[in-house]
1. Determine which single condition Q64 fails, assuming it passes every other condition in (1) open to solvent by 60 Å² or more (accessible area, probe 1.4 Å); (2) under 14 Å from the mean Cα position of the chain (by Cα).
2. Do any residues in the range 143-157 that are closer than 13 Å to F29 by Cα have Cβ atoms under 7 Å from those of residues that are open to solvent by less than 10 Å² (accessible area, probe 1.4 Å) and among the aromatic types (F, W, Y), where the two are at least six apart or on different chains, and which pairs are they?
3. Going by the conditions given, is S55 closer than 17 Å to L158 by Cα and either buried (at least 18 other Cβ atoms within 10 Å of the Cβ) or modelled with pLDDT of 90 or more (or both)?
4. I want to confirm something. Restricting to the range 206-230 and keeping residues that are open to solvent by 50 Å² or more (accessible area, probe 1.4 Å), modelled with pLDDT of 75 or more and under 20 Å from the mean Cα position of the chain (by Cα), which single residue is nearest to Q64 (Cα to Cα)?
5. With respect to T72, determine if the residue is under 20 Å from F37 (Cβ atoms), of a type in the set (S, T, N, Q) and not in a helix (DSSP H, G or I).
6. Please determine, by comparing only the residues of the range 43-52 that are closer than 17 Å to L70 by Cβ and assigned to a helix (DSSP H, G or I), which one is most open to solvent (accessible area, probe 1.4 Å).
7. If you scan the range 127-159, which residues turn out to be modelled with pLDDT under 90, open to solvent by 40 Å² or more (accessible area, probe 1.4 Å) and closer than 17 Å to F20 by Cα?
8. Considering only residues that are free of Cβ contacts under 8 Å to residues at least 40 places away in the same chain and over 18 Å from L28 (Cα atoms), look in the range 109-124 and name the one that is most open to solvent (accessible area, probe 1.4 Å).
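The values are calculated or read from the model by the stated rules, or taken from the named source; none is laboratory data. Note that the structure is predicted; figures quoted are calculated from it, not measured. Here the Cβ positions follow ideal geometry from the backbone for every residue, glycine too, while neighbour counts run over all protein chains shown. The area values use the complete protein model at the heavy-atom level, side chains included, leaving out ligands, DNA and RNA. Shrake-Rupley method; radii C 1.70, N 1.55, O 1.52, S 1.80 Å.
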Amino acid sequence: MTYHESELSQLSHSLVWAGFRQLIPVSLFVAIFGAAFGLAASQKGMDQMSATMMSVLVFAGYAQFAALELWTSHVPVVTLIATVFAINARHLLMGATLYPWLRSLTPAKRYGIMMVVSDANWAMSIQAFSRGRAGMGLLFGGGLALWLFWGVGTIAGLYFGSAIQDPKSFGLDMVMGCFLLSMVFEGERNLRMFIICAVAAGASLIAFKWLPENSHVIAGALAGGITGIIMREKK
């Protein structure tokens, strides 16, 4: 079912609930990594309330793990802020791509939705929008599912995390990457998209090899985005 342009940004309880249910399978794996974070936080000496509030308020998996590496009795605040910003800088690009559909919402709704935006629900909502379908329910409802399962996973890890000390040994760290890759293959399939993906992948690999840690995410996103703009302008 396709929607009129003005309907793409609409929110309703049914759309939000549908988005929530659609992201539950991915959220189950997110909960496992939330548990791994809870375990790592307890081993690092972080109290349970701080770890739980970090997951509830920050909701940024890789950034939270990076913050743990810097978590000492004297936290280096400037370094911590710079590290978290570098890892999450991709959200600047996510916000830019979502702006055409978010701009019609009130600031309270707009920033409330962005609080639960992550890679999975962003990718699925962008795919829906590009096909002329209502994606706001996926963005917000799916984000709520991911946020809830991440928080529950963190709490579980704080209390029962010893059972999942190394989720990577089961290959669970590849779940999100495989999910996002499937989103790419379900999108446009043409020479233009191939070139964009190739440029983004190449820039990301070069940055991974030669630039500071986590900068490959930003480099790949920027290179792919700029290539897409250039090719669209030529077209």
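1. (1)
2. T154/F37
3. On the way: closer than 17 Å to L158 by Cα: yes; either buried (at least 18 other Cβ atoms within 10 Å of the Cβ) or modelled with pLDDT of 90 or more (or both): yes.
Taking the combined requirement at face value, the residue satisfies it.
4. Out of the qualifying residues, it is F208.
5. When the stated conditions are applied, T72 passes them.
6. Here is the first cut: in the range 43-52, the residues closer than 17 Å to L70 by Cβ are 43-47, 50-51.
Filter once more, keeping what is assigned to a helix (DSSP H, G or I): 43-44, 50-51.
Numbers: Q43: 131, K44: 90, S50: 46, A51: 0 Å².
Ranking the qualifying residues of the range 43-52, first place goes to Q43.
7. Residue satisfying the conditions is R133 alone.
8. Keep residues of the range 109-124 that are free of Cβ contacts under 8 Å to residues at least 40 places away in the same chain, which gives 110-114, 117, 122.
Adding the requirement that they be over 18 Å from L28 (Cα atoms) leaves 110-114.
Numbers: R110: 48, Y111: 139, G112: 33, I113: 4, M114: 50 Å².
Ranking the candidates gives Y111 first.
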